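The values are calculated or read from the model by the stated rules, or taken from the named source; none is laboratory data. What you see is a predicted model, and the numbers here were worked out from it, not measured in a lab. Here the Cβ is made from the backbone with ideal geometry for all residues, glycine too, and neighbour counts use every protein chain on show. Heads up: the accessible areas ignore ligands, DNA and RNA and are worked out on the full protein's heavy atoms, side chains in. Shrake-Rupley method; radii C 1.70, N 1.55, O 1.52, S 1.80 Å.
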Amino acid sequence: MTAPAPEAGANRLRPRRSCLAVPGSNPRFLEKAQGLPADQVFLDLEDACAPLAKEGARHTIVDALNNGDWTGKTRVVRVNDWTTHWTYRDVITVVEGAGPNLDCIMLPKVQDASQVVALDLLLTQIEKTMGFEVGRIGIEAQIENAKGLVNVDEIAAASPRTETIIFGPADFMASINMKSLVVGQQPPGYGADAYHYILMRILMAARTHDLQAIDGPFLQIRDVDAFREVAGRAAALGFDGKWVLHPGQVEAANEIFSPSQEDYDHAEMILDAYEWCTSEAGGKKGSAMLGDEMIDEASRKMALVVSGKGRAAGMTRTTKFTPPEA
């Protein structure tokens, strides 16, 4: 089941190297988050809010979105999942109250496409009622159990608002009875990577539908070296970013999910060299040599990925392409 296309808007590939979780019920944390160099901040109404605090947290979040300085950050609110009685009021209160200052709604524990469709339809009704631009607010879908992973292709295709597919490791580990109490680390007794299939499954669904893939949190917040190891695994596969729970994880995530300066420079050189070699001046060739490396259209596509991430991270190249002499 697929939601009708919104009247405006399309998937937006925003920088999401670091996605900072902030309890929506804590004004001090909400204020502090505004000054941290995270690409994305999501204000949480779900697990980080006690049941008795959720109603008040909605209004605290609206105030923070409307009056805080979130310059340079993607602004997201994680609502409660559809199996609870809080979800519809979370969405209505936050979007009606702060819609123009909100970029995405994150929906946790997504199990099938209909749950994304329901959120899309509710957002559309609110936008039309309030006179907001229809379709501008995106959706982030969080996969947290076996059913969600099995249905991830349909979930990724369910709405043109969807921007990311997110892995939620803690609930997922519980849902499959994984033998571990340390979120994100390998379970004892298994010699391979227990998360490889899960991450690749999410990544394939995301890329099929031009979405971003985001890895979930690592709860040992003071062990930055371990965080780097886990984040490096997701980055190596091609994930776009990772949740961060502590200011100490932000810098590490931004670094790990950005290309190295050497790789960024090399990617830009490939793009320049390929553009030149396929031009009239370069002989209209389909391939060429860049130093000792042969480059072609496939090289250009790979370079576009690295250069795009570097540009999104604000990197500046340190090399310049010079066409070879005839």
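Could you run through the stretch 274-289 and say how many residues are in contact with a helix residue (DSSP H, G or I) (Cβ under 9 Å, 6 or more places away or on another chain) and among the hydrophobic types (A, V, I, L, M, F, W, C)?
Total satisfying the criteria: 2.
Every residue in the stretch 205-230 that is surrounded by 14 or more Cβ atoms within 10 Å (Cβ to Cβ) and under 27 Å from R161 (Cβ atoms), please.
Passing the criteria: A205, A206, R207, H209, L211, Q212, A213, I214, D215, G216, P217.
Of the residues that sit in the stretch 301-326 and are small (G, A, S) and outside any helix (DSSP H, G or I), which one is least open to solvent (accessible area, probe 1.4 Å)? Lay out the reasoning, then the answer.
Our first condition is that a residue be small (G, A, S); within the stretch 301-326, this holds for 303, 307-308, 310, 312-314, 326.
Still in the list and also outside any helix (DSSP H, G or I): 313-314, 326.
Numbers: A313: 30, G314: 57, A326: 147 Å².
Ranking the candidates gives A313 first.
Scan the stretch 118-144 for residues that are under 22 Å from the mean Cα position of the chain (by Cα), over 13 Å from R161 (Cβ atoms) and in a helix (DSSP H, G or I) and report the count.
0
Here are some conditions: (1) hydrophobic (A, V, I, L, M, F, W, C); (2) within 25 Å of R78 (Cβ to Cβ); (3) open to solvent by 30 Å² or more (accessible area, probe 1.4 Å); (4) at pLDDT 90 or above. F257 meets all but one. Which one does it not meet?
Of everything listed in (1) hydrophobic (A, V, I, L, M, F, W, C); (2) within 25 Å of R78 (Cβ to Cβ); (3) open to solvent by 30 Å² or more (accessible area, probe 1.4 Å); (4) at pLDDT 90 or above, F257 misses just condition (3).
Could you please tell me which pairs satisfy a Cβ distance under 8 Å, a separation of 6+ or placement on different chains, a first residue in the stretch 77-96 that is polar (S, T, N, Q), and a second residue that is not in a helix (DSSP H, G or I)?
N80/L45; N80/E46; N80/W86; N80/P108; T83/K109; T87/V79; T87/N80; T87/D81
Name the residues in the stretch 34-54 that are in contact (Cβ under 8 Å) with a residue 24 or more places away in the chain, assigned to a helix (DSSP H, G or I) and not hydrophobic (A, V, I, L, M, F, W, C), would you?
Residue satisfying the conditions is K54 alone.
May I ask you to list the residues in the stretch 234-254 that are in a helix (DSSP H, G or I), open to solvent by 10 Å² or more (accessible area, probe 1.4 Å), modelled with pLDDT of 95 or more and farther than 19 Å from M302 by Cβ?
Correct list: E251, N254.
L30 is checked against (1) among the aliphatic types (A, V, I, L, M); (2) open to solvent by less than 30 Å² (accessible area, probe 1.4 Å); (3) closer than 30 Å to S258 by Cβ; (4) modelled with pLDDT under 95 and fails just one. What number does that condition carry?
Of (1) among the aliphatic types (A, V, I, L, M); (2) open to solvent by less than 30 Å² (accessible area, probe 1.4 Å); (3) closer than 30 Å to S258 by Cβ; (4) modelled with pLDDT under 95, only one is false for L30: (4).
So E46 fits all but one of (1) within 16 Å of P108 (Cβ to Cβ); (2) modelled with pLDDT of 95 or more; (3) surrounded by fewer than 19 Cβ atoms within 10 Å (Cβ to Cβ); what number is the exception?
(3)
Is there any pair linking a residue in the stretch 165-185 that is more than 16 Å from V152 (Cα to Cα) to one that is open to solvent by less than 50 Å² (accessible area, probe 1.4 Å) and modelled with pLDDT under 85, with Cβ under 6 Å and at least six apart or on different chains, and which?
A170/V183; M178/P187; K179/P187; S180/P187
Could you tell me how many of the residues in the stretch 145-173 are in a helix (DSSP H, G or I) and modelled with pLDDT of 95 or more?
From the stretch 145-173, those in a helix (DSSP H, G or I) are 146-150, 152-157, 169-173; that's our starting set.
Going one step further and asking which of them are modelled with pLDDT of 95 or more, we end up with 146-150, 152-157.
So the answer is 11.
Checking the condition small (G, A, S), open to solvent by 40 Å² or more (accessible area, probe 1.4 Å), farther than 30 Å from D223 by Cα and assigned to a helix (DSSP H, G or I), which residue from A281, A298 passes? Spell out the reasoning first.
On the way: A281 fails: assigned to a helix (DSSP H, G or I).
Going through A281, A298 in turn, just one is small (G, A, S), open to solvent by 40 Å² or more (accessible area, probe 1.4 Å), farther than 30 Å from D223 by Cα and assigned to a helix (DSSP H, G or I): A298.
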